[in-house]
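Taking it in order: structure first as structure tokens, then the write-up.
The values are calculated or read from the model by the stated rules, or taken from the named source; none is laboratory data. These figures come from a predicted structure and were not determined experimentally. Here Cβ is always computed from backbone atoms with ideal geometry, including for glycine, and neighbour counts include all displayed protein chains. Just so you know, the surface numbers come from the protein's heavy atoms only, side chains and all, with ligands and any DNA or RNA stripped out. Shrake-Rupley method; radii C 1.70, N 1.55, O 1.52, S 1.80 Å.
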Amino acid sequence: MQVHLNPPLEPGNAPRHAAAIVAAAADISGAELDYSPESIVLVEDIVDGFRAEGVTDADMAESLVAFGCYVGEILTRHAGGAWRHSRATRAFSVPVVVELPDTRECDPIDWVICRLKFGAGVSIRDLYAAVGTGHGPSDQQPYR
């Protein structure tokens, strides 16, 4: 998946991409993304709408990455995470992740991409909730 973001996707730029998608979602669909864990359902609904329209991850790469940055910002604000480059080499994922205080890596961008690819079987809400329990998800991929 080719991603052409300005500024480029780097840990320090992830909050900017999140803020841009918050503004875009408000303008396009009236969605009020407020960085609360409860707002993840709105992200799922938007991504499900893309899926229903037959959109592919290549068609919406930049938007999917930005929605992943938004979910990542929820992790930074509510789970104490921090954006950084992944320690793992992943052939299909973007190399930017959220590291939790216990050093687990979460890949919220991949969560959003997998939601588009695989539908409701990939619950971003459940993945986020698992982070709070300390039992997952780590650097493993939810689906591939």
Order by accessible surface, 1.4 Å probe, largest leading, for residues 118, 67 comes to 118, 67
Just to confirm, what accessible area per residue do you get for the range 12-75 at 1.4 Å probe, in whole Å²? 42 Å²
Gaussian network model of the chain, springs between alpha carbon atoms under 10 Å - residue of 28, 124, 46 with greatest fluctuation: 28
Nearest 10 degrees is fine. How inclined is helix 14-29 to the longest principal axis of the chain, computing both from alpha carbons? 30 degrees
Pick from 19, 120, 66 the residue whose mean-square fluctuation is largest in a GNM of the chain, springs joining Cα atoms under 10 Å. 120
Okay, helix-only estimate at 222 nm for the chain: each DSSP H run of n ≥ 4 adds -39500 (n - 2.57), divide by all residues, round to 500 deg cm²/dmol; what do you get? -15000 deg cm²/dmol
Length-normalised contact order of the chain, Cα under 8 Å, at least 6 apart, in percent, tallies to 25 percent
To the nearest 10 degrees, how steep is helix 40-52 against the longest Cα principal axis of the chain, on a 0 to 90 scale? 50 degrees
Using only Cα atoms, find the angle between the long axis of helix 108-118 and the longest principal axis of the chain, and express it within 0 to 90 degrees, rounded to the nearest 10. 50 degrees
With bins 10 Å wide starting at 0, give me the P(r) of the chain over every alpha carbon pair, in whole percents. 12, 48, 35, 4
SASA check, residue 85, accessible area w/ 1.4 Å probe, all protein chains in place, rounded to nearest 10 Å², comes out at 90 Å²
Between the residues 109, 74, 26, the Cα farthest towards the positive end of the dipole of the chain, that dipole coming from +1 and -1 charges on the beta-carbon of Lys, Arg, Asp and Glu, is from 109
